[in-house]
Structure formats: C-alpha cells, structure tokens
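The values are calculated or read from the model by the stated rules, or taken from the named source; none is laboratory data. Values in this document were obtained by computation on a predicted structure and should not be read as measured data. Virtual Cβ from ideal backbone geometry, glycine too; neighbours counted across all protein chains shown. Ligands, DNA and RNA are excluded from the accessible area calculation, which covers all protein heavy atoms including side chains. Shrake-Rupley method; radii C 1.70, N 1.55, O 1.52, S 1.80 Å.
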Amino acid sequence: MRFDWTDQGTPTVEAARCTGCGLCTRLCPDQMFQLENGKAQVVAGSFLGCIACGHCVAGCPTGCITVRGRGMTGDDALPLPPKDTQASADQLRTLMLTRRSIRRFTAEPVDRAALDQILEAATTAPMGIPPSDVGVLVFHGRDRVQAFSEDACAAFARLGWLLHPVTLTLMRPLLGKENHRAMRDFVRPLLQALVAERAAGRDDFTYDAPAAMLFHYGPESDGADAHIAATYAMLMAESLGLGSCMLGTTAGLSHDKQFKQKYGVPPKNKFGLGLVLGHPQEVFRRGIRRRLADVRFA
Ligand SMILES: Cc1cc2nc3c(=O)[nH]c(=O)nc-3n(C[C@H](O)[C@H](O)[C@H](O)COP(=O)(O)O)c2cc1C
C-alpha cells in the first residue's frame with residue numbers, strides 16, 4: 001500500500017449490532033464517532049479525519065465497526081491470543097537481554113515459515129501515520145544473500161564520487177560539522193573496506209548469512225517506520241531461536257538507481273536497516289549492561 005495523504009479511511013457502523021456502549025467515541029483519536037439515539041454514528045473528525053489507525057475496530061465489543069481505505073479492508077480485525085499467553089515483563093526482558101548481534105552463522109538454512117513469522121511481526125509495528133509505506137526485500141538462501149551482498153558492494157563502489165573528500169567538503173554546509181566528519185572518517189572508510197573485503201572474497205557486509213531482509217520506506221513516510229519494523233522483526237527472529245544483526249550501511253543504497261531498479265524498489269524510496277538472519281554459530285553466556293547517554297526526569 002503506497003502512502004497517500006489524500007486517501008481517507010471510511011468507518012462504517014452496523015447499527016443493528018451497535019449496543020451504544022460509546023467506547024468508539026472515546027477510542028477514536030480524531031473524535032469521529034458520536035452517540036445518537038443510543039447508537040454510534042460516524043461524524044466529521046476534529047483534525048485529520050480517519051487515518052485508519054484501527055482503534056475503533058480493535059475496541060468495539062460487538063465487532064460492528066469496519067474501516068475501509070487507507071490500507072484497511074473490511075476484514076482486518078484479528079482475534080487476539082488469550083491474555084495469559086502474552087509475554088511477561090520477565091520473559092520480554094530475557095529475550096532482549098539475551099539478544100546479541102550475530103555475525104557468524106551455521107550452514108543451517110532458515111525456514112520459510114520462520115521468515116513469514118518475522119515478516120508478520122514487522123506488520124505489527126507502529127508507524128508515524130497509517131498506512132505503512134515500509135517495504136521489505138527478502139533474500140532467502142545463502143546464494144540470494146550473496147547476490148544481494150555483491151550488488152550492494154558494487155553500489156557502494158559507485159558511491160565513491162558522493163563520498164569523495166572534495167564532494168564532502170562542498171556539502172559540508174548542508175551536512176553540518178558532525179555529519180561531515182562522520183561521512184569522511186567513518187562511512188567512507190567503512191564502505192571502502194566492505195568493497196575491498198568483497199573483492200578479496202570475504203563477506204563483511206552480510207556475514208555469509210543464510211537469510212537477509214532489507215527495509216525501505218516511501219518518500220512521504222518517516223524513516224523511523226522502517227527502523228521500528230526492522231526492530232520488531234529482529235525481536236521475533238530472536239524468539240524463534242535465530243540470530244540477527246542490523247545493517248546500517250544499507251542506507252547508502254538509497255543513492256543508487258541501479259540497485260533499486262534491479263530489485264524493483266521505487267526510485268524515491270530510501271533504504272532503512274538491513275537485517276541478516278541465521279542460526280548462530282556461537283552461544284553467549286552473559287548479558288552486557290549498557291547505559292543510555294542521558295536519562296533525566298525533567
Ligand atoms: C542502526 C544500527 C546500524 C547497525 N549497522 C551495523 C552494520 O552495518 N554492521 C554490523 O556489523 N553491525 C551493525 N549494527 C549492529 C551494532 O554494531 C550492534 O547492535 C552493537 O555493536 C551492539 O551490539 P549488540 O547488538 O550485540 O547489543 C547496527 C546496529 C544498529 C542499531
């Protein structure tokens with residue numbers, strides 16, 4: 001579903017099944033429901049109109065509300081698993097603390113069913129404003145991941161002009177001091193190293209993984225959408241016993257028409273995070289304490 005500002009969601013209430021409980025009037029962030037004669041009625045919203053967030057559909061006790069448009073169809077309400085199957089805070093913390101970035105994988109392939117579960121997890125991620133304009137390229141099997149790695153490194157090599165010190169100096173006023181330094185002293189040498197390693201027959205980009213995903217997003221959506229979707233995917237992979245590692249270098253592919261063309265990605269889309277996936281070779285025995293740079297209750 002491509003993002004379109006002009007598309008509106010259209011909520012419908014099946015009056016015969018509406019009990020007039022009024023929950024939809026409280027759940028809708030845009031106040032698109034009012035009770036009239038004991039039944040919910042759809043009215044003009046207060047701000048954006050219906051953005052198809054789905055709150056009314058998810059909350060309605062009788063299931064009498066449907067939303068169509070802006071990415072939703074009439075049958076998007078899913079039964080929720082029983083509450084007692086929800087991960088506890090301890091279980092979730094264990095999952096998060098146990099997860100490490102995995103860069104060495106066994107030769108065992110990743111099941112297609114696992115990839116489907118991971119993709120389904122990504123569809124549950126929040127987005128700045130619905131519908132999601134996040135796309136995913138899935139590379140299933142070591143050969144396909146290697147082809148992706150080869151194509152990506154070729155694209156990084158073509159980026160040489162953009163990251164050339166002269167170009168970067170010219171772009172410094174736009175980039176700002178910190179970004180300019182990061183491009184010059186980190187991104188450029190890193191991409192150059194990936195290209196050189198690839199030429200030497202080593203895969204320091206996708207780490208010989210048996211599966212990979214590459215998240216991209218449309219020009220009018222928030223890049224954070226793709227990052228959050230990738231994060232949800234990563235956590236689901238972890239819960240399925242798969243190791244994963246995010247790839248930030250994939251953002252560089254946003255500037256390469258040839259790569260986008262080959263993989264059918266719209267020219268104006270940008271690449272967010274990549275995710276390599278597979279069965280971990282090594283087992284970790286301890287978690288690592290990390291600290292946020294700054295926390296204050298202001
Ligand atoms: C935005 C982002 C980009 C990343 N890019 C890469 C990458 O290109 N290559 C890589 O090997 N690891 C990459 N990583 C993984 C980090 O290096 C890793 O998360 C970090 O070292 C902390 O280790 P942990 O994930 O095991 O806690 C990335 C992680 C994030 C969040």
Listed residue (Leu137, Phe205, Ala157) projecting farthest to the positive dipole end of the stretch 100-278, Cβ model
Ala157
From the protein chains alone at 1.4 Å, what is the descending order of accessible area for Trp161, Trp5, largest first?
Trp161, Trp5
Equivalent ellipsoid, the stretch 100-278 (semi-axes from 5 times Cα gyration tensor eigenvalues, Å):
27, 20, 14
Return the carbon/sulfur percentage of the accessible area of the stretch 10-68, one whole number, probe 1.4 Å, all protein chains in place.
55
Run through every distinct alpha carbon pair of the stretch 10-68 and return the Kirkwood hydrodynamic radius in angstroms, one decimal place.
11.0
Write down the accessible area per residue of the stretch 10-68 in Å², having rolled a 1.4 Å probe over the full set of protein chains.
55
Explain nothing, just the number: dipole magnitude of the stretch 100-278 about its Cα centre with +1 on each Lys and Arg Cβ and -1 on each Asp and Glu Cβ, in debye rounded to the nearest 20.
720
Once the in-chain neighbours fewer than 8 apart are removed, the lysines whose Cα is under 28 Å from Lys270 read Lys177, Lys257, Lys260, Lys262
If the chain between Thr73 and Met96 were fully extended at 0.36 nm per residue, the gain over the current Cα-Cα distance would be 4.9 nm
For a bin width of 5 Å, list the pair-distance distribution of the stretch 158-213 built from all Cα-Cα distances, rounded to whole %.
4, 19, 23, 17, 15, 11, 9, 3, 0
Rounded to the nearest 500 deg cm²/dmol, what is the calculated helix-only ellipticity per residue at 222 nm for the chain, with -39500 (n - 2.57) per DSSP H run of length n ≥ 4?
-10000 deg cm²/dmol
When every protein chain stays in place and a 1.4 Å probe is rolled, Ser221, Ser149, Ser101 sorted by accessible area with the largest first are Ser101, Ser221, Ser149
Extension reserve of the Thr10-Ala199 stretch, reckoned as 0.36 nm per residue once the Cα distance is removed
62.7 nm
Beyond 25 Å, the calculated P(r) of the stretch 1-114 holds a percent of Cα-Cα pairs equal to 45
Just want to confirm a number: the relative contact order over the chain, from Cα pairs under 8 angstrom separated by 6+ residues, in percent.
21
The simple spin-label model distance between Ser46 and Thr124, using points 7 Å out along Cα→Cβ, in nm, is 3.0
For the stretch 100-278, what is the accessible area per residue in Å², given a 1.4 Å probe and the full set of protein chains?
50
So for the stretch 48-107, what are the equivalent ellipsoid semi-axes in whole Å, largest first, each being the square root of 5 times an eigenvalue of the Cα gyration tensor?
35, 18, 12
